[in-house]
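Just below is one structure, and these are the notes that go with it.
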Amino acid sequence: MTTRKADVLIIGGGSIGLSCAYYLLKLGRKVTIVDSKEVAKGSSAGNAGHIVPSHIIPLAAPGIVPTALKWMLDPKNSPFGMKVSLDPKYISWLLQFALACNESNVQRAIPPLNSLGQLSAKNFAQMIAEEKFDCHYQEKGLLFLYKTEDAFAGGKHEADLMQKHGIPVDVLDKAALHQREPAAREDVIGGVHFTGDAHLNPALFLKLLADRVRAMGAEIFENTPVTGFDVADGKIRAVKTGAGDFEADQIVLAAGAWTPAVAHDLRLNIPVQSARGYSLTMSATKVMPSHALILGERRVAVSPLGNLLRLTGRLELSNLDTTVSTKHIAGIERAVREYIHLDEKLDIHETWAGLRPTTPDGMPIIGRSSRYRNLIFATGHAMLGLSLGPGTGQVVAEIVQGANPAFDLSPLRAERFW
Ligand SMILES: Cc1cc2nc3c(=O)[nH]c(=O)nc-3n(C[C@H](O)[C@H](O)[C@H](O)COP(=O)(O)OP(=O)(O)OC[C@H]3O[C@@H](n4cnc5c(N)ncnc54)[C@H](O)[C@@H]3O)c2cc1C
């Protein structure tokens with residue numbers, strides 16, 4: 001078997017792995033990427049494409065468990081689902097998640113999510129301008145639509161909290177909302193507009209990023225799954241793959257929802273649970289929304305992507321399985337029809353499923369491993385793996401270089417779970 005030498009080896013060429021590659025190459029490092037499938041696809045290509053520095057409240061927050069249970073009483077329309085399994089790792093993840101749904105977890109998560117979100121948004125704008133990426137990037141904010149007073153009140157409450165942390169937001173009454181978003185149906189009663197957010201076509205962006213890192217000199221091995229490791233003296237000596245072994249100075253583990261399976265061979269228990277979601281993408285409709293939207297009560301995302309419209313939704317604690325559910329795709333379309341004007345007949349191009357790599361406390365895992373000195377984690381970004389990509393890429397490159405990272409990364413260390 002061939003043994004190849006690498007400077008920095010990145011396992012996984014999704015949003016996170018490619019962003020790490022880009023910032024490492026900019027610092028003059030040599031980069032090799034191995035991916036079990038194709039790069040630039042992973043769990044991001046069909047996602048909503050929202051770049052959301054406003055999302056500073058973690059998934060594990062007070063009230064989420066009862067809300068999720070209530071949703072599950074209406075399986076046809078529920079934005080949430082979960083597999084039934086007695087796997088001890090799954091049960092332990094659920095318990096850890098339930099225990100983290102408290103105010104102190106929210107307070108702990110806000111500073112790193114805020115810093116990483118702001119850094120990432122700044123890096124997106126800079127990278128897209130510098131590299132001239134044509135990917136329908138729009139700095140038009142993210143608009144939440146509400147149909148009930150209760151949900152609107154909840155939205156305003158969250159907006160208040162976020163404003164206190166410096167997130168720009170406009171609260172819109174019915175008239176202001178309809179003026180700002182003419183695609184909204186008459187019975188939408190108000191909205192909250194996070195004006196610092198943005199959106200883009202994620203498949204186009206990732207393809208351009210992959211092409212760029214190739215052009216900058218990255219070596220990319222596709223259809224090359226990592227199958228094991230040789231370790232000795234607190235170091236990974238070799239990464240084993242179908243294409244032979246790689247000996248690398250530094251290794252970045254960015255395998256998204258597959259991270260626990262890869263880390264298992266290192267005898268590391270990384271509590272990342274996959275959370276499946278779906279999207280459907282169609283030709284532009286007659287009344288295209290002019291903003292990226294979230295439908296407040298239904299938790300469905302809407303993304304105008306140039307001459308395409310994408311609807312995205314559901315969060316299901318799942319196996320590593322990307323089978324598309326036509327039932328849930330239909331549920332997403334039904335929900336969107338309640339909020340915006342959609343053509344009666346849609347010209348659907350693609351239906352898709354992807355896996356969010358979700359941690360029990362709702363924060364990503366970024367940092368150097370305490371067990372293997374040449375291993376760095378970059379995973380667990382859950383619903384924000386596109387949005388937080390370029391920020392993660394920058395701080396991972398800083399860790400590899402031994403430089404001070406842009407902000408305090410200690411709350412994001414994997415060791416918080418052990
Ligand atoms: C419906 C839906 C909508 C979403 N909307 C948004 C959004 O609007 N904004 C946002 O920020 N995020 C969104 N997300 C979340 C986002 O898509 C994920 O957080 C993101 O894809 C995670 O990126 P990643 O690079 O960590 O993982 P991935 O993109 O999944 O990449 C992991 C890579 O690792 C590879 N791999 C797996 N196993 C191995 C192995 N053994 N060896 C080598 N390689 C391996 C895989 O092939 C894959 O290419 C959404 C997710 C879903 C499902």
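The values are calculated or read from the model by the stated rules, or taken from the named source; none is laboratory data. All figures in this text were calculated on a predicted structure; none of them were measured in a lab. Don't worry about glycine lacking a Cβ; one is built from the backbone with ideal geometry, like all the others, and counts go over all protein chains shown. What goes into the accessible areas is simple: the full protein's heavy atoms, side chains included, and nothing from ligands, DNA or RNA. Shrake-Rupley method; radii C 1.70, N 1.55, O 1.52, S 1.80 Å.
Amide H to amide H under 5 Å from residue 231: which residues, 5+ apart in sequence or cross-chain, H placed 1.01 Å off N in plane?
Distant-sequence amide H within range of residue 231: 237.
What ³J(HN,Hα) values, in whole Hz, does the Karplus curve 6.51 cos²θ - 1.76 cosθ + 1.60 give for region 363-376 when θ = phi - 60°, with x put for Gly and Pro?
10, x, 10, 9, x, 7, 5, 7, 8, 10, 6, 9, 10, 10
So what is the 222 nm mean residue ellipticity for the chain from helices alone, if each DSSP H run of at least 4 adds -39500 (n - 2.57) and you divide by all residues, rounding to the nearest 500 deg cm²/dmol?
The helix-only estimate for the chain comes to -10000 deg cm²/dmol at 222 nm.
Take residue 125 and residue 327, extend 7 Å from each Cα along the Cα→Cβ direction, and tell me the distance between the two endpoints in nm.
Between residue 125 and residue 327, the label points sit 4.5 nm apart.
Give me the percent of accessible area attributable to carbon and sulfur for the chain, probe 1.4 angstrom.
Roughly 53 percent, rounded to a whole number.
Could you derive backbone 3J(HN,Hα) for region 238-247 from the dihedral phi with the Karplus parameters 6.51, -1.76 and 1.60 (θ = phi - 60°), listing whole Hz in sequence and x where the residue is Gly or Pro?
Those phi angles translate into 8, 9, 8, 9, x, 9, x, 8, 10, 9 Hz.
Charges on Cβ only, +1 for Lys and Arg, -1 for Asp and Glu, centred on the Cα centroid of the chain; of 2, 418, 209, which one is farthest towards the dipole's positive end?
Highest projection toward the positive end goes to 2.
How far apart, in nm, are the 7 Å Cα→Cβ label points at residue 337 and residue 76?
Between residue 337 and residue 76, the label points sit 1.2 nm apart.
Can you compute the modelled spin-label distance between residue 418 and residue 164, with each label point 7 Å from Cα toward Cβ, in nm?
The answer from the label model is 3.6 nm.
Rounded, prolate or oblate for the chain? Axes are the square roots of the Cα gyration tensor eigenvalues, ordered a ≥ b ≥ c, and the cut-off for rounded is a/c under 1.5.
On the way: a/c = 1.69, a/b = 1.53, b/c = 1.10.
Prolate shape, in that a/c is at least 1.5 and a/b is the bigger ratio.
Express as a percent, rounded to the nearest 5, the fraction of DSSP beta bridges in the chain (both residues included) that run antiparallel. Could the numbers behind the result be given before it?
Numbers: 52 of 77 bridges.
Percentage antiparallel, nearest 5: 70.
With every protein chain present, what is the per residue accessible area of region 267-414 (1.4 Å probe, Å²)?
For region 267-414, the per-residue accessible area is 35 Å².
Greater than 20 Å separation of Cα atoms is the criterion. Which listed pairs, 286/345; 89/235; 174/345; 37/327, meet it? Numbers along the way, then the final one.
On the way: 286/345 11 Å; 89/235 26 Å; 174/345 28 Å; 37/327 27 Å.
Pairs exceeding 20 Å: 89/235; 174/345; 37/327.
Relative to the Cα centre, what is the charge dipole magnitude of the chain, using +1 at the beta carbon of each Lys and Arg, -1 at the beta carbon of each Asp and Glu, and rounding to the nearest 20 debye?
I would put it at about 560 debye.
Which is farthest toward the positive dipole end of region 147-286 among 273, 166, 177, measuring Cα position about the Cα centre, with Cβ charges +1 (Lys, Arg) and -1 (Asp, Glu)?
177
What's the magnitude of the charge dipole for region 102-207 around its Cα centre, counting Lys and Arg as +1 and Asp and Glu as -1 at the beta-carbon? Answer in Debye, nearest 20. Could you put the intermediate results ahead of the total?
Values: 11 positive and 15 negative charges, 47 e Å.
My answer is approximately 220 debye.
Per residue, what accessible area does region 83-208 have, given a 1.4 Å probe and all protein chains present, in Å²?
Values: 6230 Å² over 126 residues.
Normalised by residue count, the accessible surface of region 83-208 is 49 Å².
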